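Encoded as structure tokens, the structure appears first; notes follow it.
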Amino acid sequence: MNEALFFFAGPIAVLTALGVVVLRNPFYAVLSLVVHLLSLSLLFLLLYAPFLAVIQVMVYVGAVMVLYVFVNAYVGGADDAGGGPGRPLRWLAGLISIGVAATFGIALLGSGLTAIDSDGAEVGADFGSPGQIGELLLTKFLLPFELASFLLLVAAVGAVVLARRRGGTLPGETRMIAALDLLAPTGTGSMREGIGAINPVPGAVNTKLPSGTRPDGGTASGGTASRDGGEDR
Amino acid sequence: MDIGWYLAVSAIVFAIGAAGVITRRNPLLVLLCLELMLGASSLALLAFAKMHGNLDGHVFALVVIVVAAAEVAVGLGIVVALYRNKVAVDVDELRELHG
Amino acid sequence: MSPTAAGWIVLALPLFGALALGLGFRLWRGPVAGIIGTATIGGSFLFSVLALIGLQGKDEQHRQIASSLWDYAKVGGVDVRMEILVDPLSVTMLLVVTGVSTLIHLYSMAYMRGDEGYSRFFAYLNFFVFSMLLLVLAGNFVLLIVGWAFVGAASYMLVSFWYRRTTATSAGIKAFVINVVGDIGLVLGAILLLSKTGTVDFLDTFAVAKETFGEGGTASTGSLTAGLLLIMVGAFAKSAQLPLHTWLPDAMEGPTPVSSLIHAATMVTAGVYLIARLHPLFQLSETAMAVGACIGLATLLVAGTIGLTQTDLKRVIAYSTMSQIGYMIMGVSAGAYVAGMFHLATHAFFKALLFMAAGSLIAAMAGEQSLDKMGGFRRAMPFTFAAFVIGGLALAGIPPFSGFFSKDEILAVLAEEGGWHWILVVGGYVGAFLTAVYTWRMIFRAFWGPPVPEAKELEEGHLHHADVHRNPGTGEIEDTDVGFPGPEHHIAERALPMRIAMGGLAVLAVLGGLLGIPKVLTPLEHFLEPTFADVAHPAHPGTGLILGGMAVGTLLGLAGIYVAYLIWARPLERGEPATAISAGWQQRFAPIHKLFVNKWWFDELIDLLIVRPTRAIGRLSHDAFERLVVGGALMGGATGATRGASALVRRAQSGFLRSYAAVVLSGLVVVLVVVLVAS
């Protein structure tokens, strides 16, 4: 039974992982990842980790992947253009990944861990149950647990800060003015200012390229990597 | 089922994810490939936990999921900000820090 | 008041004056700076007199009093204290320095009145007097060296006083550099002595000198001689003796009161004072004494011959100063300490007087210093003329003027010592003849003959002022702002302070001989006795020797004046132009004249032996070592390596996120491979 499930889920996990990397359309890649994560959770179950399998499905497939789909739809889901200046990287990537897999494999085979060739330790029925993990989290791993919660808080705040609109307004947008904003020039503190599109810093070196060599704005699919590609968009 | 098989799957998926991080230019896809690598490491952790009959690995895997969630939140926030400010959503275009 | 307390106050007053003038130079308007400067130095003189009186009140065995305020440094068993030594020798020097300085300050109050740097001048002058007094009062080698170096610095500042004159600044640099050569000699000599005696204190050094360097002592006489020779290098540089004399004539670029005070009366006699101060050591080394005496003789002859041919008024007097200091060095080196100090004092009087008179004459010529352009000033400037005559007679050694007694006393003591000292005596008399000739050549050329236009103008009651101010040496055009001489000139006939100062010095120049008329009136010798009591074989010349020497000296002086009169005054009175006269004599003695007028080629010799090799080494090290090794290999190599390495590393910082990821993963692979291979 175990073997059957493993040889069902394992190859699917590998194939869908390949799909994530190979598929051009980000939407398909996300879908592929969803399948991959589902099969991964099946593998988790086989490893007597029911709690984590559930968490995996709930957090990843349920929340994270939905977020990916949302963002993908928002950003536009343009096909990932291959090539560009990183074309040699494609070959390099293959080499590196093969190298990683090979070295890991050799490490596993030659590790001398006899238990690898076994089913592992005999464990009870409640191995990996929420109760046991919860007990560990509140005793032995209390500090990592709290740090993880703090990390989540920071990430949440960071995400809000990154994604919200500050000061600057988009063209055609009406601006809401706070009392202190009157003291600052328009767009102060916005990311547009940060990339030099507005309120140029006095004395800063103007790094804009001559207009002829600038890749046309917006699509940014050009092959030339201009060092100030994002400056005046 | 031998633990070694799970570890093999983990290693292959990790390698595929690594290749994806190097080749993809869309930051969204780069993040996806990072999820692959994180998932692979979770699998390895759980496999070793089973091997030793010790639940510590489960806690680590949980932390990995937390880290992944945080990374997604920040990473996607950056992607949205890039898009909102009309900067190309392409990791190759984001090279202001080159030497 | 105790002599040491008076000594400290003598030191403090000029320091206070220098600080007040230097720091508050914007505050002092009009003649206030001059009054402050003169008053502080005058106060110093009064306290010097108090020190003298205090010293007279003690019995003769206790007239060498050291006083220290605090420990200057106490390191390695050597105790350096802030210490002054008040004894008859230093008090004599104090009186000469402060007395002459007071009169010269008074003179400068009027003479420098038109200069833009009036306050600065007095600040420098007060600083100089402080340094000189520190040198004189120093109770150990360390303070002596401090004062010695301060004096050199003050001399530099004052020679370069007109700092926009390039000739003045280069003369200042020359003076300073040569003085520093001497300073180094002095420091090395002091260190050498310190290493043998273990003390820097003068009295302690003298006390242990005999045990240390004498027969059966811990150190050889050779080391003492070496130390003394090094110290003499310092003395010769400061006192402008051969071959370190070339700075003194150039130092005449400074204002005339400076030449008068520093480069005639006080600073240049520091070498004489030093040898007299250290006489207990010199007594132990025959060689050092002989070297000093020979150098003194050579200097007095060389300077005298050069003085015959110079046409710059101040330079003639400067060479005369060198020559007279040669007498003093010869005297104190050969054991005629009292006579040497006596000549130092009288020389300070009449040479300062001559310089003051020269300053007055130069002012009447509106800054012109060439003798060729002067003449016939007798009627126009009677007071200056009188001062010149008194100074000239004293310098030429005509009785009863002061120079007569002091110079003849040196030569008489030398003659009494006998032996090879007779060479010195003969040379000294030759020098005396030369002195009379060049002194009176100067006076005849300036005051005899038909009056030059400037003199005529002055006779009509109008002081000549040049339309365009020029550097007297090079003829460059100058303005009269700060850094150049002022627009106004002041002559003794019209400025009371100058007349008072010159009158005072003239009286001293006439009556200075009363300090030491042999066998009749010897207050100076009696006063200095406690200091020189330890001299082993003091030479007291017999009456016959004294009278004979006096007769020879007088005859030679008169002969010199007569020769000068024959050569210069008579033809000038007949109306022959001065330049024609000198051209005639130059042709008659062409080779000798060439030697003299080129100053025996000492400047060229130093240039050839020291300056050029140094410059060649410098150029070599600059071209070869600095440019190729340091600049090329070391610096260029370092910057090149850094630049190359950074260019290499820069390329790695492409800014491509994906290549970074590739590098990280490659690193992972490499680490894994290494771990696998190792296990």
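Per this entry, A:Val35 is counted among residues that are at pLDDT 85 or above, surrounded by fewer than 23 Cβ atoms within 10 Å (Cβ to Cβ) and out of contact with any His (no Cβ under 8 Å at 6 or more places or on another chain).
If you check C:Leu605, C:Leu657, C:Leu634, C:Leu620 for being touching a Pro at 6+ places or on another chain (Cβ under 9 Å) and farther than 30 Å from B:Asp90 by Cβ, only one passes: C:Leu605. Looking only at residues of the range A:20-57 that are facing chain B (nearest Cβ under 7 Å) and among the small types (Gly, Ala, Ser), we find that the one that is nearest to B:His52 (Cα to Cα) is A:Ala49. When we screen C:Gly644, C:Gly631, C:Gly636 for residues that are loosely packed, with under 12 Cβ neighbours inside 10 Å and not acidic (Asp, Glu), the only hit is C:Gly644. Of all the numbered requirements in (1) part of a helix (DSSP H, G or I); (2) within 26 Å of B:Leu55 (Cα to Cα); (3) in contact (Cβ under 8 Å) with a residue 12 or more places away in the chain, A:Val69 misses one, and that requirement is (2).
Can you find, within the range A:74-109, the residue that is nearest to the other protein chains (Cβ to nearest Cβ) among those that are assigned to a loop (DSSP other than H, G, I, E, B) and modelled with pLDDT under 70? Here the answer is A:Asp80.
Scanning the range C:30-71 for residues that are touching a helix residue (DSSP H, G or I) at 6+ places or on another chain (Cβ under 9 Å) and in a loop (DSSP other than H, G, I, E, B) turns up C:Gly30, C:Pro31, C:Gly57, C:Lys58, C:Arg63, C:Gln64. A single member of C:Ala647, C:Ala641 is at pLDDT 85 or above and within 14 Å of another protein chain (Cβ to nearest Cβ), and it is C:Ala647.
Contact map, the range C:650-665: residues that are more than 17 Å from B:Arg24 (Cβ to Cβ) and more than 7 Å from every other protein chain (Cβ to nearest Cβ) paired with residues that are at pLDDT below 80 and surrounded by fewer than 20 Cβ atoms within 10 Å (Cβ to Cβ), Cβ distance under 8 Å, separation 6+ or inter-chain. Pairs shown: C:Arg651/B:Gly99; C:Ala652/B:Gly99. Using the structure shown, decide if C:Gly486 is crowded, with 22+ Cβ neighbours inside 10 Å and farther than 21 Å from C:Pro382 by Cα. No, not satisfied. Do we find that B:Gly20 is surrounded by 21 or more Cβ atoms within 10 Å (Cβ to Cβ), at the interface with another protein chain (Cβ under 7 Å from one of its Cβ atoms), assigned to a helix (DSSP H, G or I) and not hydrophobic (A, V, I, L, M, F, W, C) in this structure? So B:Gly20 passes the test. Could you say whether any residue in the range C:463-485 is touching a Phe, Trp or Tyr at 6+ places or on another chain (Cβ under 6 Å) and of a type in the set (A, V, I, L, M, F, W, C)? Yes: one or more hits. Those helices (runs of 4 or more DSSP H) of the range C:380-480 in which at least 1 residues are within 28 Å of the chain's Cα centre (by Cα), considering only elements entirely within it, cover C:382-396, C:402-417, C:421-447. Just one of the numbered conditions (1) touching a helix residue (DSSP H, G or I) at 6+ places or on another chain (Cβ under 8 Å); (2) part of a loop (DSSP other than H, G, I, E, B); (3) more than 22 Å from A:Val14 (Cα to Cα) is not true of B:Arg25: (3). For the range B:75-90, name all the residues that are in contact (Cβ under 8 Å) with a residue 12 or more places away in the chain and facing another protein chain (nearest Cβ under 7 Å). The answer is B:Leu76, B:Ile78, B:Val79, B:Val89, B:Asp90.
Can you pull out the residues in the range C:154-175 that are part of a helix (DSSP H, G or I) and over 23 Å from C:Asp607 (Cα atoms)? Residues satisfying the conditions are C:Ala154, C:Met157, C:Leu158.
Taking the conditions exactly as written (away from every other protein chain (no Cβ under 14 Å), modelled with pLDDT of 80 or more and either exposed (fewer than 14 other Cβ atoms within 10 Å of the Cβ) or out of contact with any strand residue (DSSP E or B) (no Cβ under 9 Å at 6 or more places or on another chain) (or both)), does C:Leu566 satisfy them or not? So C:Leu566 fits the description; yes. With within 30 Å of C:Glu409 (Cβ to Cβ) and surrounded by 17 or more Cβ atoms within 10 Å (Cβ to Cβ) as the only criterion, which of C:Gly428, C:Gly449 stands out? The unique qualifying residue is C:Gly428.
Taking B:Leu46, is it touching an Asp or Glu at 6+ places or on another chain (Cβ under 6 Å), within 7 Å of chain A (Cβ to nearest Cβ), surrounded by 24 or more Cβ atoms within 10 Å (Cβ to Cβ) and free of Cβ contacts under 8 Å to residues at least 60 places away in the same chain? So B:Leu46 does not fit the description; no.
Counting only residues that are surrounded by fewer than 18 Cβ atoms within 10 Å (Cβ to Cβ) and more than 7 Å from every other protein chain (Cβ to nearest Cβ), the range A:58-73 holds 7 of them. All but one of (1) over 26 Å from C:Ala235 (Cα atoms); (2) more than 19 Å from the chain's Cα centre (by Cα) hold for C:Ala358, so report the exception by its number. The one condition C:Ala358 does not meet is (2).
As a summary of the residue check, B:Phe14 satisfies the conditions (1) modelled with pLDDT of 85 or more; (2) surrounded by fewer than 20 Cβ atoms within 10 Å (Cβ to Cβ) except for the one numbered (2). When B:Glu93, B:Glu35 are screened for being touching a His at 6+ places or on another chain (Cβ under 9 Å), at the interface with chain A (Cβ under 7 Å from one of its Cβ atoms) and either touching a residue at least 60 places away in the same chain (Cβ under 8 Å) or surrounded by 20 or more Cβ atoms within 10 Å (Cβ to Cβ) (or both), only B:Glu35 passes. The helices (runs of 4 or more DSSP H) found wholly in the range C:181-256 and carrying at least 2 residues that are within 30 Å of C:Gly475 (Cβ to Cβ) occupy C:247-250. Just to be sure, is C:Leu89 touching a residue at least 60 places away in the same chain (Cβ under 8 Å), touching a Ser or Thr at 6+ places or on another chain (Cβ under 6 Å) and over 25 Å from C:Leu193 (Cβ atoms)? Here the answer is no, as C:Leu89 does not meet what is asked.
The values are calculated or read from the model by the stated rules, or taken from the named source; none is laboratory data. Predicted model only: the values in this text are computed from it and were never measured. Cβ: placed from backbone, ideal geometry, glycine included. Neighbour counts: every protein chain shown.
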